Structure formats: structure tokens, C-alpha cells
Amino acid sequence: MDKIYDHTKVEEPLYKEWEENGYFKPEVNPDGQPYSIILPPPNANAPLHFGHAMYVIEDILVRYHRMKGFKTLWVPGADHAGFETQFVFEKKLATEGKSRFDYDRETLYKMILEFVQGNRPVMEGQLKKLGFSLDWSRKKMTIDPEIVAIVYKNFKKLYDDGLAYRAKRLVNYCTFDGTSFSDLEVIHEERKSPLYYIKYGPLVLATTRPETKFGDTAVAVNPKDTRYQEYVGKELDIETVLGSAKIRVVADDMVDMEFGTGVVKITPAHDFNDFEVSKRHDLPLKQVIGFDGKMNEHAGEFAGLYVKQARRAVVEKMQEKGLIEKIDENYQNRVGLCYKCKNILEPLPLEQWFVKMEPLAKPAIEAVKNPSASSGQVKIHPKSFEKLYFQFLENIRDWNISRQVVWGIRIPAWYKVSGNEGRIAVSFIDKNGEFHPSQPIRQALEEGSSFEEIEKGIQRLRIPQYETEGNQPDIEISSTKPTDGLWIQDTDTFDTWFSSSQWPFATLMTSGENDYETFYPTSVMETGYDILRWWVARMVMMGIYATGKVPFKHVVLHGLVNDPLGKKMSKSKGNVVNPLELVDQYGADAVRFALVYGTALGNDQVLSYPKLEAARRFTNKLWNIARFIEMNKVSSIKYQVLSIEELKKMAIHENDKIWIEKVEKWTLQVTDYIDKYQFNLAADNLYENIWHGFADFYIEDVKQRIDPNSYVILNTLYIILLKILHPMMPFVTDEIYRKLTGSEKSLMIESWPII
RNA sequence: GGACCCGUAGCUCAGUUUGGUUAGAGCGUUGCAUUGACAUUGCAAAGGUCACAGAUUCGAGUUCUGUCGGGUCCACCA
């Protein structure tokens with residue numbers, strides 16, 4: 001044996017051997033109880049970050065259960081990551097002086113697909129370098145056709161059950177990225193927004209958005225407000241920057257009498273609260289900002305200006321006309337920003353697909369609260385995160401699952417536009433590249449455009465705008481294209497999280513024969529607490545909805561890994577540390593160990609180089625313990641597996657007996673800690689006892705008196721310690737195991753020392 | 001406005017679920033030893049009012065209440 005442990009010589013060949021021998025497959029324990037984990041699929045397009053390295057927790061659980069004899073399956077996968085990936089791709093296009101508008105839909109999709117497929121092996125290679133015992137023969141991606149088929153099936157089921165519906169609603173829309181988002185994706189930021197006090201006839205109201213006034217369809221006051229009683233229900237004649245106009249006054253509880261003047265302008269098309277008010281008072285929706293972020297024709301002379309420019313121009317004009325009473329320049333409010341490009345999001349009315357959440361949320365709450373829930377129970381670790389889970393589900397709003405991006409699973413809703421049923425008007429771009437807003441298709445056909453040309457125009461269009469004359473569009477939900485007549489498929493794609501919410505069962509239903517029957521519900525879902533609401537809660541909801549059973553029995557949540565200074569790692573800050581560089585430097589075992597050592601589950605941790613170095617030295621210590629044993633080897637004695645009980649019987653020296661009992665105790669403790677997901681305590685226990693117990697005292701003691709009897713005990717005890725350390729440090733333990741036992745078989749498929 | 005987490009050695013963190021000798025680790029600091037199985041390692045030392053104030057208890061780092069400080073999330077602000 002070399003004097004020093006060199007991980008670079010050991011890790012890669014060992015992983016290859018494990019994989020080639022099929023050790024990662026559940027079939028190594030064909031008769032065991034099933035134990036399964038679905039890997040949270042990393043973005044296929046991006047290299048791993050430290051959050052992914054935390055999946056070491058899953059590998060620990062998987063290796064531990066495999067050694068305990070469970071039929072263990074860990075399924076790898078990749079996420080197409082819809083908008084995220086398209087955003088990255090568009091940035092790449094931009095460096096080439098191109099944009100998404102230069103390509104039609106199919107071409108753009110194909111280009112992104114190629115881009116992603118080219119990058120995917122990077123991520124997968126990294127998971128292998130970390131030693132993860134994933135069954136690669138079962139790997140999946142969220143856009144695999146068989147997965148998409150399941151996603152479509154459940155979308156149809158939601159639709160048939162009245163839970164998926166299409167509606168024109170206000171959505172958070174990024175006019176730069178050209179797509180809407182769900183509530184969760186919006187980030188809020190404190191901004192200084194001047195508050196303008198504007199005269200509306202006899203009334204004065206305060207607003208931060210004077211440019212939206214063209215979309216006002218009422219003003220509102222609180223019904224209890226005695227100051228304005230006389231106006232309620234009346235129509236006011238007001239002077240505006242575009243001349244005189246009439247406006248209704250309504251009374252609504254939503255108005256805070258204390259704020260501003262107690263009078264609010266109601267702009268249903270551009271404000272979420274106002275939209276709600278408009279529904280209560282049956283007010284019309286008047287959109288004055290387009291999806292391109294510019295004022296539209298309703299804004300008169302201001303049409304064509306971007307929102308920011310329009311605000312300045314409108315205020316200037318108002319001041320000229322004496323319509324502004326005062327301006328509070330220091331007013332602070334929170335604005336919604338695009339989480340990707342940080343532009344201010346516009347609330348805009350758009351036909352979108354929504355999922356009704358309340359009926360889905362109820363059983364998901366039940367599944368965590370009630371141990372005897374009919375779906376089975378989900379337990380969250382650490383328990384403190386339950387509150388966050390309930391808080392989300394109890395206040396949940398309908399989920400906007402439409403995204404106006406190309407890279408994703410296209411929504412399988414078809415709209416009939418032919419014959420006498422052609423009730424749907426669609427904006428499209430004609431063969432000359434000219435934009436036809438909301439032009440009836442039939443008219444276009446009459447003007448000589450072919451259907452193919454129209455469809456192509458629609459595909460290239462940035463914002464699909466279906467407008468029905470009736471409330472119910474002529475819709476068909478299908479996974480295949482309808483054949484009769486002229487049909488247009490919805491141009492939107494699903495929110496990535498809509499497909500990922502179905503991941504646990506979609507993978508198992510398609511990964512192998514009987515996988516679903518055997519491994520669903522899965523045993524554990526382990527992920528970062530930051531996506532508890534985005535993903536975990538939605539998986540519980542969709543899992544119960546689609547299968548009647550919870551998707552997993554335990555949720556294990558890890559914290560974030562921050563940079564060495566404690567700051568959150570982010571590309572924009574430039575402080576991202578690549579976990580694979582550290583694997584090269586310290587070895588996978590050391591990186592794995594450092595990530596679980598010294599941090600309680602669910603807590604954030606600071607990336608610590610001293611800790612990594614300590615873990616690396618630990619691997620070296622393990623190596624040298626083995627070297628010592630090897631040097632004292634009694635060549636006539638062949639290694640054989642002996643239980644703790646057998647060792648106790650054969651022990652002669654009193655100290656040997658003591659150390660057998662100690663190792664027995666440690667084994668029980670480590671087992672218990674892993675069972676309770678207390679990995680930091682397991683790691684601490686192993687580090688402390690192996691180094692400062694076994695090595696510092698037992699070996700120092702036995703060194704003086706080694707004989708064949710003591711040698712066998714020493715060697716066997718060390719093998720037991722290697723076994724219980726193996727889930728955390730698979731490489732070095734397996735390598736040493738082979739050296740000390742001469743075994744051909746890997747430690748990873750040996751059995752856990754159960755006592 | 002609501003919720004959650006954190007505050008323990010110079011630094012980074014365990015320990016709090018289930019209250020019980022002298023509160024631990026890594027790194028750092030100081031001294032000694034060793035070329036040994038260990039590009040080291042071993043032994044030893046210094047270093048803690050466990051944020052603060054109350055309460056419960058025979059006993060509180062651990063349970064409860066409040067305060068202060070740091071962080072995160074949610075809601076929403078016309």
C-alpha cells in the first residue's frame with residue numbers, strides 16, 4: 001500500500017466497476033423490501049452547483065439501505081428547465097447577434113434541444129464523480145415522449161374534472177422575456193415610487209402609476225367613508241390629459257380610508273386588486289399597455305411610448321393642465337420583478353391555463369397532518385418546515401401553468417378555427433412578416449393566406465392572443481393532433497414545474513417493468529428547503545391527484561451551501577464555487593463528508609476549506625490505519641466475516657473485549673442516527689471514534705502486544721467500521737476493504753453489520 | 001402586517017426533539033514529543049456570564065414569556 005491515500009487513482013475506476021457490475025440496480029437485492037428515491041432532476045443544461053452536491057444525503061440513504069438488504073432504487077433524471085434554459089440560450093443567441101425572433105418555433109426548439117443534449121453529459125458526469133449510486137439504466141428527462149404522454153394524460157384529467165381551465169386573467173408578465181409567470185416566480189423589491197395626487201373632477205386620488213389612467217373604468221371609495229358618500233354610484237365629469245371624460249364612483253371595502261385621500265382609481269387591466277374590484281362591480285377591462293411594454297392606441301398621443309417614458313410624459317402634461325395637486329417623492333412601495341432579468345413585471349390580462357388548487361391542496365394538507373390519511377402519510381424532516389408547507393397550501397391561489405416560451409412541453413389544447421365554428425380570433429404574422437392583431441382567421445383565409453402560412457405566423461408570434469366571442473372556447477384537449485378541419489394547437493408551453501410535479505410517478509411508470517408497482521410511493525424525497533413550495537408541495541398534490549397515493553413517505557430537506565464568507569452563491573455575484581473542482585482537489589469522499597459533517601439537517605452552511613481539508617486528512621488516516629493492519633498481517637490467516645458475537649467469544653485479551661463492545665456501541669449509534677436523518681451526528685460519531693478512539697487508543701494499545709488473535713479482532717473491527725462509514729465515504733472505504741480482505745466483491749454490496 | 005430560523009471558544013459550527021457529571025468538534029493559538037501505520041501524527045494547554053431579562057424546576061445551553069441583534073420566507077401597500 002502507498003504511504004499516502006491518493007483519491008485520483010481510486011475513484012474513477014471504482015465507480016466504473018460499480019456501475020458495470022450493476023451494483024446500482026435494485027436487482028442486487030432481488031428479494032429485499034423496496035426502498036426508492038427519485039433524484040430531483042438537475043437542469044440538463046447547467047453544470048452542478050453545491051445544492052446538487054447535497055444529494056450526497058440521498059446517496060447515504062440509498063447505500064445504507066442497499067447494505068441493509070433493501071431492494072434499492074435511485075432514479076436519475078434531467079430537467080428541461082423550460083424558461084430557465086431558453087433564457088440561457090437566448091443570451092447565447094444574443095452574443096451571436098441573433099434573437100428568438102429570427103427563427104420559427106420548430107427551428108428554435110430544435111436548436112435548444114441540441115444545445116441541451118450537448119450539455120447534458122456534463123451534469124451526468126459530475127453526478128458520477130461524486131460517487132452517486134444512481135441506476136443509470138433508468139435515467140429520464142422531463143421531455144422524454146413517454147413522460148410527456150403522462151403529463152398530457154393528467155392535464156386532460158384535470159381538464160375533464162374541471163380543475164384545469166382557461167381564463168383571461170391578470171398575470172405577471174415580463175415584457176422583455178415575453179412570458180408570464182406564476183406567483184411564486186415573482187420577486188418583490190422595495191422601490192422609491194413617487195406618489196402622485198391627481199385631480200379627478202371634484203375628487204383627488206393618489207397613485208404611483210398615472211400612466212395607467214387611460215385604463216381606468218371607475219374610481220372607488222370605502223363604503224364607510226363619510227367624506228365621499230354623495231358621489232357613490234354617480235358618474236363624474238372629469239378633465240383628463242386627453243380631454244373630458246366620465247367615470248363611475250363605486251364603493252368597495254378594499255379601499256383603505258387612511259391611505260392617500262381614500263380614493264382609488266380602478267384600472268382592472270393593470271392591477272391585481274383593481275381586477276378583483278372590477279369583478280365585484282361588473283366594470284369593463286380596458287387594456288392600455290401592450291405585451292411589448294408600450295402604451296397602446298387607448299393612450300392617445302402617448303401610444304407607442306414605453307411605460308416609463310409614458311409616465312414621465314403623462315405627468316408633465318398633467319402638470320401643464322394643473323391636474324396634479326402634489327407629489328410625494330419619497331414614497332416607498334414594493335414592485336414585482338422578473339426573477340431572471342429583473343425587469344418590472346406588468347400585470348396584464350391574458351388568456352392562460354390555470355389549475356384550480358384548492359381541491360388539490362386539501363388532501364395534500366391532510367397527508368402531512370393526518371397519520372391515517374387515505375393517501376398515506378408524508379413526514380417532513382426537520383419538522384419545523386411543516387409550518388411553511390401548511391402556510392403555502394392553506395393560502396394557495398390558482399396556478400398559472402402557461403408559459404409563452406418555446407422550450408417546453410406544448411400545451412395539448414387544440415382550437416378549431418375552420419368552417420362555421422371559427423369563433424376564435426388569433427393574432428398572427430403573415431407571410432410578409434406583418435403583424436395582424438387579433439384578426440379573425442377566416443378573414444385571413446378569405447384574403448388568400450393558406451392555413452399553413454397562418455399557422456406559421458402564429459408559431460412565430462410572441463404572444464398568442466386567442467379571443468373567443470363566447471366564454472367557452474372551442475377546445476379539444478388531446479395528446480395527438482386532431483385530423484378533421486383546421487385546428488391550431490395552443491402555442492404556450494407548460495410551466496416546468498407542472499411536469500416536475502408529476503416526476504415521482506411519471507419516472508417510475510416508464511422506467512422499467514413493475515417499477516411503479518414495486519417502488520411507488522417512493523421512500524424519501526430529499527431536496528433543498530428552498531423548493532418546498534415550488535416543488536415538494538406540488539408533487540404531493542399532483543401525486544395524490546393522479547395516483548391516489550402520496551408520492552413519497554418522507555421529505556428530507558437540506559439547507560443552502562453559502563460561499564466561504566457566508567454569502568449566497570450566485571452567478572451575478574461571481575462567488576460560485578464549482579463542487580467538482582473540490583472533488584478533484586480533496587476527493588469525492590472528503591467533499592461528501594464535509595457537506596454532512598458539522599451542519600444539522602435543514603440548516604444553511606458555509607463552504608469551509610478547513611473542513612474539507614480535515615475530511616481529506618481523515619481519508620488519509622483511514623488509509624494509514626489500514627496500512628498498519630496490513631503490515632501486521634498474519635499471512636496464514638485468511639479473512640473471514642465474523643459477527644460481533646463471534647468476536648466476543650474468541651477474544652482473549654481484556655482490552656480487545658472492551659474495543660469490541662465499543663465498536664458495537666458505535667455501530668448502533670450510527671445506525672440510529674442515519675435512521676433519524678441526523679447525518680451530522682453520524683459523521684461526528686464516526687470521525688471522533690475512528691480517529692480519536694480506534695486509532696489513537698486501540699491501535700496504540702494493540703501495537704505493543706499484537707498476536708494472531710488480536711490481529712483478527714483488529715482487522716474485523718476495522719472492516720465493521722468501514723462498513724458503517726461506507727455510505728458517507730464510499731470510495732476510500734471500498735478500496736481499503738479490498739486491500740484488507742482480498743475480496744473481489746465490493747463493500748457496497750456487503751451487508752450492514754446488524755447486531 | 002404575518003411566519004420561521006439563527007445568536008454557544010478568535011473563526012465556522014454541533015449539542016436543544018427526550019432538562020441531569022467537568023458544554024464539544026474542525027480550523028487557528030501556545031508548549032512538548034515523534035519520522036512513527038499517518039507529505040505528518042500524538043500528547044498537553046490556553047480560550048465559553050451558551051445574546052440579554054424573567055418564569056418553571058431539586059436542576060435550564062436545552063422548556064416557557066419578553067427584549068435586543070442577524071437572516072430568510074410569505075402577504076400586501078393604490
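The values are calculated or read from the model by the stated rules, or taken from the named source; none is laboratory data. Computed from a predicted model, the values in this text were never measured in an experiment. No Cβ is skipped: glycine too gets one built from the backbone with ideal geometry, and neighbour counts run over all protein chains shown. Side chains are part of the model used for accessible areas, which takes the heavy atoms of the whole protein and leaves out ligands, DNA and RNA. Shrake-Rupley method; radii C 1.70, N 1.55, O 1.52, S 1.80 Å.
Counted as qualifying within segment A:322-432 are the strands (runs of 3 or more DSSP E) with 1 or more residues that are within 12 Å of RNA strand B (Cβ to nearest atom), more than 29 Å from A:A81 (Cβ to Cβ) and at pLDDT below 90, namely A:324-328, A:332-338. Considering only residues that are within 16 Å of A:L350 (Cα to Cα) and within 16 Å of RNA strand B (Cβ to nearest atom), look in segment A:174-187 and name the one that is most open to solvent (accessible area, probe 1.4 Å). Ranking the candidates gives A:D183 first. At pLDDT 90 or above and within 12 Å of RNA strand B (Cβ to nearest atom), is that true of A:Y711? The answer is no for A:Y711. State all residues of segment A:137-154 that are farther than 21 Å from A:A413 by Cβ and either in a helix (DSSP H, G or I) or hydrophobic (A, V, I, L, M, F, W, C) (or both); if no residue qualifies, say none. Those that are farther than 21 Å from A:A413 by Cβ and either in a helix (DSSP H, G or I) or hydrophobic (A, V, I, L, M, F, W, C) (or both): A:S137, A:R138, A:M141. Counted as qualifying within segment A:479-573 are the helices (runs of 4 or more DSSP H) with 1 or more residues that are within 16 Å of RNA strand B (Cβ to nearest atom) and in contact with a Leu (Cβ under 9 Å, 6 or more places away or on another chain), namely A:496-500, A:537-547. So which residues in segment A:632-649 are surrounded by 15 or more Cβ atoms within 10 Å (Cβ to Cβ) and of a type in the set (A, V, I, L, M, F, W, C), if there are any at all? Across segment A:632-649, the qualifying residues are A:L642, A:I644, A:L647.
Taking the conditions (1) touching a Leu at 6+ places or on another chain (Cβ under 8 Å); (2) of a type in the set (A, V, I, L, M, F, W, C); (3) open to solvent by 50 Å² or more (accessible area, probe 1.4 Å) in turn, A:L601 satisfies each one other than (3).
Looking only at segment A:513-532, count how many residues are acidic (D, E) and either on the phi > 0 side of the Ramachandran plot or open to solvent by 10 Å² or more (accessible area, probe 1.4 Å) (or both). Working first, answer last.
Going through segment A:513-532, the residues acidic (D, E) turn out to be A:513, A:515, A:517, A:526, A:530.
Then drop every residue that is not either on the phi > 0 side of the Ramachandran plot or open to solvent by 10 Å² or more (accessible area, probe 1.4 Å) (or both), which leaves A:513, A:517, A:530.
Residues meeting the conditions: 3.
Restricting segment A:665-696 to residues that are over 15 Å from A:A594 (Cβ atoms) and hydroxyl-bearing (S, T, Y) leaves a set whose member that is surrounded by the most Cβ atoms within 10 Å (Cβ to Cβ) is A:Y677. Restricted to strands (runs of 3 or more DSSP E) entirely inside segment A:208-309, those with at least 2 residues that are more than 10 Å from RNA strand B (Cβ to nearest atom) and open to solvent by 20 Å² or more (accessible area, probe 1.4 Å) are A:235-240, A:243-251. Flag: A:G118 does not match the condition of being in a loop (DSSP other than H, G, I, E, B) and either on the phi > 0 side of the Ramachandran plot or of a type outside the set (S, T, N, Q) (or both). Specify the residue that is most open to solvent (accessible area, probe 1.4 Å); the eligible residues are those in segment A:192-207 that are more than 8 Å from RNA strand B (Cβ to nearest atom), assigned to a strand (DSSP E or B) and more than 13 Å from A:E329 (Cβ to Cβ). Result: A:K199.
When A:L582 is tested against (1) open to solvent by less than 30 Å² (accessible area, probe 1.4 Å); (2) in contact (Cβ under 8 Å) with a residue 60 or more places away in the chain; (3) farther than 30 Å from A:F519 by Cβ, only condition (2) is not met.
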